């Protein structure tokens, strides 16, 4: 079997450890060194695609929809969102680690069809939480593909996104009937209740990592701000 080749490393802002980008043939993997294991793999992005498809299909018919994507990863979530949205849409992708943006521009872009080159894409080099705190009634959909969901493994600071304050910020950043879509490695009943307490109407769905019927079962919450 072809061995994995380490291509680059990048520090994880505000935490110990680092991200490591590997390649094996045409397959890429990003791991975190502090015991978090593999964060993403270029062969296993079915649930990331589903996250964007299920949320953006609900807002694609709006006039000039605005979407916020938290976490660039390998670009699959961003690419799936762009496929659902009309020419006049605007998609801001927030990525905290500069090297991840660089990897997408130089090494990974072709995997998802070079979504950073789409004229509808705006890159925010920083924490998605900063955008949520700053914007009010600004987005038709917010997609959070950050860490491994409510039980994050990479950054303790990510916990804020899934706290009451973080969810309230997301609620306020959405327009009427806007959708907050959250990816998670697994189910979390307490988190779904938290979404409802903030005021969202919540639907919990399942998506497979390797297409519709294969791979690990991941959880996607579709939380809608009432009209």
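The values are calculated or read from the model by the stated rules, or taken from the named source; none is laboratory data. Remember, it's a predicted structure, so these values are computed and weren't measured experimentally. With ideal geometry, Cβ positions are generated from the backbone for all residues, glycine too; neighbour counts draw on all protein chains shown.
Annotations for the structure displayed:
- When residues in the stretch 213-227 are screened for being in contact with a helix residue (DSSP H, G or I) (Cβ under 7 Å, 6 or more places away or on another chain) and either closer than 19 Å to residue 48 by Cα or surrounded by fewer than 17 Cβ atoms within 10 Å (Cβ to Cβ) (or both), 6 of them pass.
- Residue 135 being modelled with pLDDT of 90 or more, over 25 Å from residue 53 (Cβ atoms) and touching a helix residue (DSSP H, G or I) at 6+ places or on another chain (Cβ under 6 Å): no
- Contacts under 6 angstrom Cβ, first residue in the stretch 168-184 being over 15 Å from residue 81 (Cα atoms), partner part of a helix (DSSP H, G or I), 6 or more apart: 168/198; 169/132; 169/133; 170/132; 171/198; 173/132
- Picking from residues in the stretch 140-168 that are part of a helix (DSSP H, G or I) and at pLDDT below 80, the one that is surrounded by the most Cβ atoms within 10 Å (Cβ to Cβ) is 158.
- Test result for residue 14, out of contact with any strand residue (DSSP E or B) (no Cβ under 6 Å at 6 or more places or on another chain), under 30 Å from residue 226 (Cβ atoms) and either surrounded by fewer than 18 Cβ atoms within 10 Å (Cβ to Cβ) or modelled with pLDDT under 95 (or both): no
- Residues within the stretch 52-67 that are crowded, with 18+ Cβ neighbours inside 10 Å and either part of a strand (DSSP E or B) or modelled with pLDDT under 95 (or both), tallied: 2
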